[in-house]
Amino acid sequence: MAQAYDFALDKMGLDIQSHTLWSDYIKFLKGVEAIGSFAENQKIAAIRKVYQRAVINPMMNIESLWKEYVTFEQSINPMIAEKLTQERSRDYMNARRVAKEYEAVTRGLNKTHPSVPPTGTQEEHKQVELWHSYINWEKSNPLKVEDPALIAKRVMFAYEQSLLCLGHHPDIWYEAATFLQESSKTLQEKGDVDSSKLFLDQASQLFERAVTGVLNKCTLLYFTYADFEEQNMKFEKVHKIYQDFLEVPNTDPTLCYVQYMKFCRRAEGIKSARNVFKKAREDERSNFHVYVSAALMEYYSSKDKNVAFRIFDLGLRKFGSSSEFILAYLDYLSHLNEDNNTRVLFERVLTQGTLEPKDSMEVWNKFLEFESNIGDLASVVKVEKRRAGILEEAGIAVGENKHTIQVIDRYKFMSLLPLTTEELKSIGYQALSIPTTTRAGQMPAKTVNSALPTTNGHSNYLDPDHIPRPDFSQMVPFKPKVNWRPGEFMLPGGGFPLPPAAQELVQVLPPPTCFTGPHVIVEKLCDIFDKIRLPDNFQPASGGEGHPTKLFDLAKSVHWIVDQESGRKRKSMGRGDDDSDDDSNISAPTNDVYRKRQQKKIK
């Protein structure tokens, strides 16, 4: 039973709510029956050891444990009790201080939240930030201890706790393994080789848990795991890591083959990388990126451009309909300054008909740029006319300004254009921009739309798809609601939040329960406002203190409309043009407190 308690304390003894676990262990040790003085001394030593571990561990209710420990030492031997408690007093005060910080930094953490794939919700984002704050706080060494092993133990406990709720987040796994590597390096610099090796083994085990658990298809964890083992010179294990990922079903192995070839070239040479490329060619799931990577590797490593040419030609037979592969091949030829071969490749891919008109636009733009830099004006005009036919066939450049639109690309250079943004917009030049987001390692080319003015992060004219869309920044989220309050805008299934200005006002107002009356009948109040008639002319008050008499004249000039529906005539609230102080035509109220007091005085 004691071993079970020790195991539980080793796993969860650092938790802020572990007070009951320590108390139960001490209670269990006190209840053990000891026969003989030797057994009694062993029992006292075991209880003292647990107490001394507990009172320096930051957690809730640490004060009660300290009082129990002091009482325990006084009951055993009052002579040495004061000495033992003084030795632990400083560490206890430090732990009590850290316990308050511990409670504050973990406040709001939902440790019972199930581990699910990232959803991107605001609540999830808040929890991730809280976990990172807790982990960074542990890394700051709040206990101010000098033992790196204890610091690493507390930080890894924080990581393990976060992985229970964020097990589907690969960044947590990677950061935890990286921390173990850094701790191992720190211990190795201090000469603690055994502890350093232990931390490296823990990092390897953590990576293994990550790639064999719910993230068994996460390429990032596989690659970082392989690099970790490569740094430790365990090449056989690296081969096994890459091969394990290639055996995972329903995955795209292209990037894995690319990284596998790079590792083989670094560790074993170009021949080993060629074997991996041969395996990638035989795999039907691999994409054209494998051919591009292998060709560039041959060119940069073995300095043999003929081998690279053969690999590119081999890939062109299989991926001749991919504009991205063709552009990568053209970039390679441009790098070699092979003008003739580049022009032959342009003619080959643009005349064989494997590319769709819209897919070939990037290739035509590249061809026009190539002729503008290398060829003469006749070649540029010729390519421009052929490109214009493709534009019309694809329905991209049509209308009265199509010739102007087509000639702009002849004179542009990088981000410099021959017309201003307003002029380009007026002729519809942005319609020629075809975004390409799948080119490996490159961002899509910036279009003219990127230079257009924006409001709240959105273009005033068109989005990248050239489709007019509403301003999404003004939309409010739909919040389902069950219980409705009077005055809320009811909708089937929920309601919409108040506008920002009204929301700020509602936040500073007291809650509705604070108002108990008097309650105004809004319909009757609106009816009174509707029947009041104000004069047409109004003269504002002049400067000075007090209120001028003209304001009172204005109030007296207000007349009320006769209620025709009820058939009764209301008394005039004003006095018309009569400025006399005669109150005879004004009826007294039925419950006049002033008149009642006057009558009592008379009696």
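The values are calculated or read from the model by the stated rules, or taken from the named source; none is laboratory data. Because the structure is a prediction, the values reported are computed rather than measured. Heads up, the Cβs are rebuilt from the backbone with ideal geometry, glycines too, and the neighbour counts pull from every protein chain shown. To get the accessible areas, we keep the full protein, side chains included, count just its heavy atoms, and leave off ligands, DNA and RNA. Shrake-Rupley method; radii C 1.70, N 1.55, O 1.52, S 1.80 Å.
Pull up the stretch 380-409, narrow it to residues that are within 42 Å of the chain's Cα centre (by Cα), of a type outside the set (Val, Ile, Thr) and surrounded by 11 or more Cβ atoms within 10 Å (Cβ to Cβ), then point me to the one that is modelled with the highest pLDDT. Within the stretch 380-409, the match that is modelled with the highest pLDDT is 409. Among helices (runs of 4 or more DSSP H) entirely within the stretch 1-111, having at least 1 residues that are of a type in the set (Val, Ile, Thr) singles out 19-30, 37-54, 62-76, 78-105. Of the residues examined, residue 152 is not one that is within 30 Å of residue 255 (Cβ to Cβ), among the aliphatic types (A, V, I, L, M) and out of contact with any Asp or Glu (no Cβ under 7 Å at 6 or more places or on another chain). Residues in the stretch 319-364 that are modelled with pLDDT under 80 and within 17 Å of residue 293 (Cβ to Cβ): 335 only. Listed conditions (1) open to solvent by 80 Å² or more (accessible area, probe 1.4 Å); (2) at pLDDT 90 or above; (3) touching a helix residue (DSSP H, G or I) at 6+ places or on another chain (Cβ under 7 Å) are all met by residue 198, apart from (3). Only residues that are under 19 Å from residue 204 (Cβ atoms), among the acidic types (Asp, Glu) and open to solvent by 20 Å² or more (accessible area, probe 1.4 Å) were counted across the stretch 214-269, and they come to 4. For the residues 275, 287, 306, the requirement of being part of a helix (DSSP H, G or I), within 30 Å of residue 368 (Cβ to Cβ) and polar (S, T, N, Q) singles out 306. Out of everything in the stretch 309-342 that is part of a loop (DSSP other than H, G, I, E, B) and free of Cβ contacts under 8 Å to residues at least 24 places away in the same chain, what residue ends up being most open to solvent (accessible area, probe 1.4 Å)? Going through the qualifying residues, I end up with 337.
Take the conditions β-branched (Val, Ile, Thr), under 36 Å from the mean Cα position of the chain (by Cα) and open to solvent by less than 80 Å² (accessible area, probe 1.4 Å) and apply them to residue 56. Does it pass? Taking the combined requirement at face value, the residue does not satisfy it. Take the conditions of a type outside the set (Asp, Glu), closer than 30 Å to residue 408 by Cβ and in contact with a helix residue (DSSP H, G or I) (Cβ under 6 Å, 6 or more places away or on another chain) and apply them to residue 277. Does it pass? So residue 277 fails the test. Could you list, in sequence order, the residues of the stretch 1-29 that are touching a Ser or Thr at 6+ places or on another chain (Cβ under 8 Å) and open to solvent by less than 20 Å² (accessible area, probe 1.4 Å)? Matches in the stretch 1-29: 9, 16. In the set (1) out of contact with any His (no Cβ under 7 Å at 6 or more places or on another chain); (2) surrounded by 12 or more Cβ atoms within 10 Å (Cβ to Cβ); (3) modelled with pLDDT of 90 or more, the condition left unmet by residue 48 is number (3).
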